[in-house]
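This report refers to the structure that appears directly beneath it.
The values are calculated or read from the model by the stated rules, or taken from the named source; none is laboratory data. If you're wondering where the values come from, they're calculated on a predicted model, not measured in any experiment. Please note: Cβ atoms are built from the backbone with ideal geometry, for glycine as well, and neighbour counts cover all protein chains shown.
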Amino acid sequence: MATRYFSRFLSSDGTTSGTKDMSTTADEYYIQDSTQSLDIYRMLVCYQDGGGGNVAEYGNLGSALSTGIEVKVIRRNGTSVLLDLTDGVPVKSNGEWARLCYDYQQIGHGAGDDIFAVRWTFTNGGSPIRLEPGQSLRMIINDDLSLLTTHFAIVQGQYLG
């Protein structure tokens, strides 16, 4: 059987048809497959906002997020946590992405919006994140991000069967 790689946005329903842009009010976005296991190699987070953001705020919102963003692996029951990738310390500012995944950059193009790009390579920690059928990798947005232009997260990996 040929290796089947994937590149999928986290979405509001865990499938390819849910809402993918996270620049909304608080919500959860995730990937889940009910029939096969997934190995997730990395997650790319990219958000866009008016220029001039700094490490102490989120995007260019003028301040850090009050509650923050959590990233977790959730068991099949949809509620209990199998792995807390942010280890109880949510991401509240641009610079805090670097604390978790090191690969973070702010890209400015002069006039207009800045792009904030994050690459979290799970395999750099030793192995991919394995999701068994029914488990999910979730980005839990606990704050209103509707003032951002866009906010997306995409995961890349391999189907296992």
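Of the set (1) over 15 Å from VAL155 (Cα atoms); (2) modelled with pLDDT of 95 or more; (3) crowded, with 19+ Cβ neighbours inside 10 Å, all apply to GLY68 but (3). Of the listed requirements (1) touching a His at 6+ places or on another chain (Cβ under 9 Å); (2) outside any loop (DSSP other than H, G, I, E, B); (3) more than 20 Å from THR123 (Cβ to Cβ); (4) not β-branched (Val, Ile, Thr), MET22 misses just one: (2).
Within the range 87-109, residues that are within 16 Å of ALA56 (Cα to Cα) and modelled with pLDDT under 90 sit with their Cβ atoms under 8 Å from residues that are in a helix (DSSP H, G or I) and among the aromatic types (Phe, Trp, Tyr), at 6+ positions apart or across chains, in these pairs: TYR104/TRP97. Determine whether the range 121-132 contains at least one residue that is within 22 Å of GLY18 (Cβ to Cβ) and in a loop (DSSP other than H, G, I, E, B). Yes.
Taking the options VAL55, VAL81, VAL89, VAL73, name whichever one is within 25 Å of GLY14 (Cα to Cα) and surrounded by 13 or more Cβ atoms within 10 Å (Cβ to Cβ).
Working: VAL55 fails: within 25 Å of GLY14 (Cα to Cα); VAL81 fails: surrounded by 13 or more Cβ atoms within 10 Å (Cβ to Cβ); VAL89 fails: surrounded by 13 or more Cβ atoms within 10 Å (Cβ to Cβ).
VAL73 is the lone residue from the list that is within 25 Å of GLY14 (Cα to Cα) and surrounded by 13 or more Cβ atoms within 10 Å (Cβ to Cβ).
Selection over the range 54-68 of residues that are touching a Leu at 6+ places or on another chain (Cβ under 9 Å) and either under 23 Å from ASP84 (Cβ atoms) or outside any loop (DSSP other than H, G, I, E, B) (or both) gives a count of 2.
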